[in-house]
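Okay, so here's the structure we're looking at.
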Amino acid sequence: MELKKLQDIISNYLDIDPKSITEESSFKDMEVDSLDMVEIVMEIEDAFGITIDETAEIQTVGDIIKLIQEQ
């Protein structure tokens, strides 16, 4: 469930095919800069009703899924 929701959020923001986004997808490979990352994280926080620590190491979509599941 988390992956589908994340695919929707990320694909809408980056205008890419949601099917191309997997747990292994790297934000660096998707060419997400720091400003984009802040905005994506804010959307994820709103969608899941969570707070993601600014210092969290987020490299992949899987990293975000772990953070969601921990809260």
Would you mind working out the magnitude of the charge dipole of the chain relative to its Cα centre, with +1 at each Lys and Arg C-beta and -1 at each Asp and Glu C-beta, to the nearest 20 Debye? 280 debye
Expressed in nanometres to one decimal, the distance between label points 7 Å along Cα→Cβ at D17 and K66 is 2.8 nm
Under 14 Å Cα-Cα from K28, which aspartates and glutamates qualify once same-chain neighbours fewer than 8 residues away are excluded? D36, E57, D63
Summing Lys, Arg as +1 and Asp, Glu as -1, what charge do residues with Cβ under 9 Å from the Cβ of A47 carry, A47 excluded? -3
In a GNM of the chain with a 10 Å cut-off on Cα contacts, which of S26, S11, S34 has the highest mean-square fluctuation? S34
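What does the helix-only formula give at 222 nm for the chain: each DSSP H stretch with n ≥ 4 adding -39500 (n - 2.57), the total divided by the residues, and the result rounded to the nearest 500 deg cm²/dmol?
-17000 deg cm²/dmol
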Considering the options I52, M30, S20, tell which one lies farthest towards the positive end of the dipole of the chain, charges being +1 on Lys and Arg and -1 on Asp and Glu at the Cβ, about the Cα centre. S20
Cα-based Rg and Dmax for region 3-71, in Å, come out at 10.8, 28
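Laboratory data are not the source of any read-out in this text; all were calculated from the coordinates shown. Owing to the predicted nature of the structure, the values given are computational and were not obtained by experimental measurement. Ideal geometry is used to build each Cβ from the backbone, glycine not excepted, and the neighbour counts take in all protein chains shown.
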